[in-house]
Amino acid sequence: MGAGTLQRSDKRRGRRRSGHRPMSEINVTPFVDVMLVLLIIFMVAAPLLTTGVPVELPKTAASALPAEEEQPLTITLTADDKVILQETEVELETLVPKLRAIAAERDNDKVFLRADGAIPYERVMVVMGALNAGGFYSIGLVTDSGGPELNETDE
């Protein structure tokens, strides 16, 4: 009689142990939470990475252009008379051959020209001529918003 009770208690112990098996299911909720936080961080940080070279852009009342699929090429003219292609400083004499090489690889001929407000107009036009000679015909001039609005008045 005693041996039978021991066997029953062993079976019960085995059932208890099998009831506390490790879970084989993965809880994805913490993983999704971390991914959403990282997504928000990248969405906030991405626009900050595109500015590149600091320039004092002129202010206008024009609205922003719609976003493109391919990132447009950016040329920056700084106040200290440097020409910067994307984030690399280039000499004005070598700008046209570099632009031709870039234009051959791109589907889009759009380029953004960022020029410091203190740059003479002639210098900006020289660079625009180089952009045109390099194969870029769609040139967008980058400005800051908040400039004076020119409203028509009937006086």
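Some observations on this one:
Yes or no, residue by residue, for (1) at pLDDT 85 or above; (2) out of contact with any helix residue (DSSP H, G or I) (no Cβ under 9 Å at 6 or more places or on another chain); (3) assigned to a loop (DSSP other than H, G, I, E, B); (4) not small (Gly, Ala, Ser):
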position	(1), (2), (3), (4)
Thr74	yes, yes, no, yes
Glu122	yes, yes, no, yes
Val126	yes, no, no, yes
Gly135	yes, no, yes, no
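- Counted residues, the stretch 88-111 - those being exposed (fewer than 15 other Cβ atoms within 10 Å of the Cβ) and either in a helix (DSSP H, G or I) or modelled with pLDDT of 85 or more (or both): 11
- Top-ranked residue of the stretch 1-53 - restricted to ones that are part of a loop (DSSP other than H, G, I, E, B) and surrounded by 10 or more Cβ atoms within 10 Å (Cβ to Cβ), ranked as modelled with the lowest pLDDT: Thr51
- Filtered by the rule that a residue be surrounded by 15 or more Cβ atoms within 10 Å (Cβ to Cβ), hydrophobic (A, V, I, L, M, F, W, C) and farther than 20 Å from Ala79 by Cα, the stretch 112-138 gives a lone residue, Phe136.
The values are calculated or read from the model by the stated rules, or taken from the named source; none is laboratory data. A quick note: this is a predicted structure, and the numbers were derived from the prediction, not measured. For neighbour counting, all protein chains shown are included, and Cβ atoms are generated from backbone atoms with ideal geometry for every residue, glycine included.
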